[in-house]
Each structure stands twice: as C-alpha cells, then as structure tokens.
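Enquirer: I'd like to ask some things about the structure below.
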Amino acid sequence: MGTSIAVDNYASGKIYPLEVKVLRRERVKVPAGVFDCIVVKPILKSTGIFQQKGSLKVWLTDDRRRMPVLMKSEIVIGSIVAELTDYKGVVTD
C-alpha cells in the first residue's frame with residue numbers, strides 16, 4: 001500500500017501516462033455482493049468534466065480478476081458514485 005503504478009491510458013486516439021496510487025485494502029458492500037478490495041486513486045491529467053480539481057477513487061477486487069466494484073468521483077458540477085449491481089461470466093477464485 002502507498003505505492004504508485006505507472007500505466008498507459010488510451011483516450012481520444014492518444015496514449016497518456018497515468019499514475020495510479022494504491023491507497024488501502026477495504027471490504028465493501030454493493031448490490032452485487034460483498035467484496036475484499038484494493039482502493040486506488042488514478043491521478044488524472046486531462047481536461048473536461050473529470051479534471052483533477054476533485055478526486056476519483058476506484059475499488060478493485062483484491063483477487064486475480066481486479067474487477068471494479070465501486071467508483072466515487074468528485075467532478076466540476078457535483079459528484080458521481082457507481083456501484084456494481086450484477087456480474088456474470090467472470091471466473092471466480
């Protein structure tokens with residue numbers, strides 16, 4: 001935890017470097033179930049509604065799937081929360 005990972009982000013036909021900070025482990029409950037997750041924070045360097053004026057956090061399952069189950073973001077006009085409601089066809093551990 002507390003580390004950063006550099007990944008390439010593809011958007012609008014271009015590749016941009018993206019830093020992802022690993023924040024912590026956390027168990028979350030969403031409509032699709034209860035999941036042990038790793039919470040990450042992408043450091044966005046783009047313009048538009050997802051400007052770096054707010055924050056974005058993503059909860060990924062703490063298993064080999066790294067399935068996104070929750071997202072919380074502050075944007076210029078307010079905030080967005082997205083939760084996984086269902087999934088199928090995913091290999092389980």
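Just so it is clear, none of the values below were taken in a lab; they were calculated from the coordinates. This is a predicted model, so every value here is computed, not measured. As a convention, Cβ positions derive from the backbone with ideal geometry for all residues, glycine included, and neighbour counts pool all protein chains shown.
Enquirer: How large is the translational diffusion coefficient of the range 4-83 in µm² per second when you combine the Kirkwood radius over alpha carbon pairs with Stokes-Einstein at 4 °C and 1.567 mPa s?
Expert: So the translational diffusion coefficient is about 96 µm²/s.
Enquirer: Hey, another quick one. Under 13 Å from the Cβ of Val28, count the other residues' Cβ atoms, weight Lys and Arg +1, Asp and Glu -1, and hand me the total.
Expert: That sum, taken over residues with Cβ under 13 Å, equals +2.
Enquirer: Calculate the spin-label point distance for Tyr10 paired with Met71, positioning each point 7 Å from the Cα along the beta-carbon direction, and give it in nanometres.
Expert: Once both label points are built, they end up 1.7 nm from each other.
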